[in-house]
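This report concerns only the one structure given below.
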Amino acid sequence: MLIIALSLSAAGMLASLAVWLDHAVALDRLVASTPSDEMRLKILPVMREMIVAYWPWGSGAGTFQKVYQIYEPGSLLEPAYMNHAHNDWLEAIMTGGAIAALLLIAGVGGWLLAASRVLAAGSVDTFQPLRRAALVVVLMLAIASITDYPLRTPSVSVLFAICAVWLCVPFVRSSTEERLSRRTTDFAKQETTSK
């Protein structure tokens, strides 16, 4: 506990010193608002309009950029173009329509089911630490997809796929649990034969 307290105190003092010396670049970036951040909010009404226009079939996979150019209002025109919606959830519904919406709902339901199974399993499962880490990673990527498109990066897509597999693999009893179960079974057999 002492080491943790000293580490936190040292980190707090370093952060305070950086702010005091005006070298807190990371803090400035965290607090500063960029034009792309503002665009993410400004295109939400446009996204709604496109989703309604292409419902229930969607505009088709990979069509966001071209479709957005049709609906882009003059007030949002900039030298840089929008290649994605910076909201993977809305873009998936816009391009995939009702089928994509159903798949997203099924994905959220699957994650909730996996979370209930993993949290209820306790220490019985050998891969419990991996499953809990996978739950957190999938949740973080789902939240990050609200304001960006992290899953379009191949390395992050692979990480997401691995975590999804970890959540779907059947539970394996831990060696301690297996030994206890075997002892109980052996004891029951001995009791039956002695009678």
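Only the coordinates and a few stated rules stand behind these numbers; no lab work does. Worth saying up front: this structure is predicted, and the values here are computed from it rather than measured. Counting neighbours? That spans all protein chains shown, and the Cβs are built from the backbone with ideal geometry, glycine included.
Positive contributions from Lys and Arg (+1) and negative ones from Asp and Glu (-1), summed over other residues with Cβ under 13 Å from the Cβ of F160, come out at 0.
Full extension of the chain between E78 and A98 yields a length gain of 4.1 nm, computed as 0.36 nm times the residue separation minus the alpha carbon distance. For the stretch 103-167, the Cα-based Rg and Dmax, in that order, read 12.1, 37 Å. Sorted ascending by nearby beta carbons within 10 Å, beginning with the fewest, C168, C163 become C168, C163.
For a Förster distance of 25 Å, can you work out the FRET efficiency between the beta-carbons of L14 and A133, rounded to the nearest 0.05?
The formula returns an efficiency of 0.30 here.
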